[in-house]
Amino acid sequence: EQMQRSIQQCRQLHPGQRVMLVLPAFEMTAEAVAGPAPARIPRTKQELRAAWAAGLVEPFHCGKWPPREASIDYPAWLSLPEEGGSRLIEVPYHEYWEPYGAVSRQEAPLYDER
């Protein structure tokens, strides 16, 4: 329900355009999964914040291809409260970035299923 409201809000900000609600994606660092006792995968935003602070997670694939910075402001997103902590931020697209997100089924582009 929160996601649907956010997509509706995006539509109001950009009438007549296709919009996508981009979701932040994280991955465990190599150091976090190395060794005999790998770090536990965070299951809540609170655990994710702690893992971020400890350097155990990082933005998914950020820094592996140009540009080396993230399109999403991860620290700002992590600072939002867990409940009711959404806000819309326009994020710039750049080459090689494949964002994860949610779109309205009516606005989703057609694709080749092969």
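The values are calculated or read from the model by the stated rules, or taken from the named source; none is laboratory data. These numbers were taken from a predicted model, which means no experiment stands behind them. All Cβ positions, glycine included, derive from the backbone under ideal geometry; neighbour counts span all protein chains shown. Quick note on the areas: whole protein, heavy atoms, side chains included, nothing else; ligands and nucleic acids left out. Shrake-Rupley method; radii C 1.70, N 1.55, O 1.52, S 1.80 Å.
A few comments on the model shown:
- For the chain, averaging the sequence separation of C-alpha pairs within contact (under 8 Å, six or more residues apart) and dividing by the residue count gives a relative contact order of 34 percent.
- Sulfur and carbon atoms: percent of accessible area, the range 1-82 [1.4 Å]: 56 percent
- Note on Rg/Rh (Cα atoms, Kirkwood Rh): of the candidates (1) 0.98; (2) 1.03; (3) 1.01, the value calculated from this structure sits at (3).
- Each residue of the range 46-53 is assigned a 3J(HN,Hα), and the resulting list reads 4, 5, 5, 4, 5, 5, 4, 4 Hz, derived from the Karplus form 6.51 cos²θ - 1.76 cosθ + 1.60 (θ = phi - 60°), x at Gly and Pro.
- Accessible area (Å², per residue) of the chain, counting only protein heavy atoms and a probe of 1.4 Å: 77 Å²
- Within the chain, longest stretch free of exposed chymotrypsin sites (Phe, Trp or Tyr not before Pro) [DSSP loop, at most 14 other beta carbons within 10 Å]: 1-92
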